[in-house]
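The values are calculated or read from the model by the stated rules, or taken from the named source; none is laboratory data. Bear in mind that the values here come from a model prediction, so they are computed numbers and not experimental data. So basically every Cβ, Gly included, is an ideal-geometry build from the backbone, and we count neighbours across all protein chains shown.
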Amino acid sequence: MASSMQQCIIHGAGCILIFEYSYFYMQATTDQKSIIALAVKEYQQSSTQSTVVNALYHTIQEHSKNHFKLLWAIFDIIVENCMSNKFNIAKQSDSQT
C-alpha cells in the first residue's frame, strides 16, 4: 500500500495532467460541457495513468531520501506525459495533409 506522501504525489500529478489537458481541450472545442470529466476519462482510459503511476512509484523509491532530486524527477514525469501532446500531434497531421 502506498504511503500518504506517495498517494498525494500521484493524485497531484494526475490532477496537473488532467487540468493541463482540459485547458488545451477547451481551446480545441466549442462544446465546453463536462471538459474535466472528459479529461479524467481520457486520463484513465489511456495508458497515461498507468505510465505515470508506475513512473512515480519508481521515482519515489529511488529518490525518497533526496527531495530535491525527487521534485525534479516528478516534474520530468509530468512534462513527459502531458496529454495535450495529442492536440499537437493532431495539428501536425492536419497540416501535413
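Can you report the number of residues in the stretch 1-21 which are over 16 Å from ALA73 (Cβ atoms) and either touching a Leu at 6+ places or on another chain (Cβ under 8 Å) or β-branched (Val, Ile, Thr) (or both)?
Total meeting the criteria: 1.
How many of the residues in the stretch 25-55 are over 11 Å from the mean Cα position of the chain (by Cα), under 16 Å from GLU80 (Cβ atoms) and buried (at least 17 other Cβ atoms within 10 Å of the Cβ)?
1
Name the one entry in LYS91, LYS69, LYS65 that is among the basic types (Lys, Arg), at pLDDT 85 or above and either out of contact with any His (no Cβ under 7 Å at 6 or more places or on another chain) or in a loop (DSSP other than H, G, I, E, B) (or both).
Values: LYS91 fails: at pLDDT 85 or above; LYS69 fails: either out of contact with any His (no Cβ under 7 Å at 6 or more places or on another chain) or in a loop (DSSP other than H, G, I, E, B) (or both).
Exactly one of LYS91, LYS69, LYS65 is among the basic types (Lys, Arg), at pLDDT 85 or above and either out of contact with any His (no Cβ under 7 Å at 6 or more places or on another chain) or in a loop (DSSP other than H, G, I, E, B) (or both), namely LYS65.
Any residue in the stretch 76-94 that's within 20 Å of GLY12 (Cβ to Cβ): show its pairings with residues that are among the acidic types (Asp, Glu) and at pLDDT 60 or above at Cβ separation under 8 Å, as long as the two are six or more apart or on different chains.
Listed pairs, sorted by first residue: CYS82/GLU20; MET83/GLU20; MET83/GLU42; SER84/GLU20.
Give TYR23, TYR43 a once-over and let me know the one that is of a type outside the set (S, T, N, Q), out of contact with any helix residue (DSSP H, G or I) (no Cβ under 7 Å at 6 or more places or on another chain) and not in a loop (DSSP other than H, G, I, E, B).
Just a single option satisfies the conditions, and that option is TYR23.
Return the pair list, or none, for Cβ contacts closer than 7 Å from residues in the stretch 45-60 that are closer than 17 Å to ILE16 by Cα to residues that are of a type in the set (Val, Ile, Thr) and outside any helix (DSSP H, G or I), at least 6 apart or on different chains.
none
Does SER4 satisfy being loosely packed, with under 11 Cβ neighbours inside 10 Å and without any contact (Cβ under 8 Å) to a residue 60 or more places away in the chain?
yes
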